[in-house]
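Have a look at the structure below, then the notes.
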Amino acid sequence: MSKLIKERRLYSKESLMEAVRAVMDGEMTSVEASVKHHIPSSTIRMHVNNPSLNIGGGRRFYLSSKQEGYLVDVLLSLESMGVRLTKGVLQKIAGEYIQLVTNDPRLESECLKSGA
């Protein structure tokens, strides 16, 4: 017998924030907020019971938009000067630049330090 896999629903960050706020303020239950905002009630309860969870998924970026734009400009300048930008060269330049401009703890892993 095959299991039915439920399709993930899409909802906005604002809808989730509004639903969590309404439940935390006692305006409605998580089930009522789920129906109103079309968000799974378990997701709402998870955020109500653990306020330290960040609303909005995905990984954080290593660079700001400005820093990323600068790195792109540097790479384009190198390319226009005739520097051959292979995958390894790009990884080395980008890795060193990221380590210089950020203090991100994700960069502390051994594989990133060794340049792998």
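Where a number appears in this text, it was derived from the coordinates with a stated rule and is not lab data. Treat the numbers as computed from the prediction; the structure is a model and nothing was measured. Cβ placement follows ideal geometry from the backbone for every residue including glycine, while neighbour counts extend to all protein chains displayed.
How charged is the neighbourhood of VAL23? Take every other residue with its Cβ under 14 Å from the Cβ of VAL23, and add Lys/Arg as +1 and Asp/Glu as -1.
Value of the local net charge: -1.
Note the angle between two axes, namely the Cα long axis of helix 87-101 and the longest principal axis of the Cα atoms of the chain, as a number of degrees from 0 to 90, rounded to the nearest 10.
That works out to roughly 70 degrees.
When the convex hull of the C-alpha atoms of the chain is computed, what volume per residue in Å³ does it have?
Enclosed volume per residue, from the Cα hull, is 217 Å³.
With an 8 Å cut-off on Cα pairs and a minimum separation of 6 or more residues, tell me the relative contact order of the chain in percent.
Over the chain, the number comes to 17 percent.
Quick check: the angle from helix 13-24's long axis to the longest principal axis of the chain, C-alpha only, nearest 10 degrees?
40
Sum -39500 (n - 2.57) across every DSSP H segment of at least 4 residues in the chain, then divide by the residue count to get the 222 nm mean residue ellipticity, nearest 500.
Calculated at 222 nm, the ellipticity per residue is -16500 deg cm²/dmol.
What angle do you read, to the nearest 10 degrees and between 0 and 90, between the alpha-carbon axis of helix 65-80 and the longest principal axis of the chain?
30
In whole Å, what are the Cα extents of the stretch 55-99 along the three principal axes, biggest one first?
On the principal axes, the stretch 55-99 reaches 45, 20, 16 Å in Cα extent.
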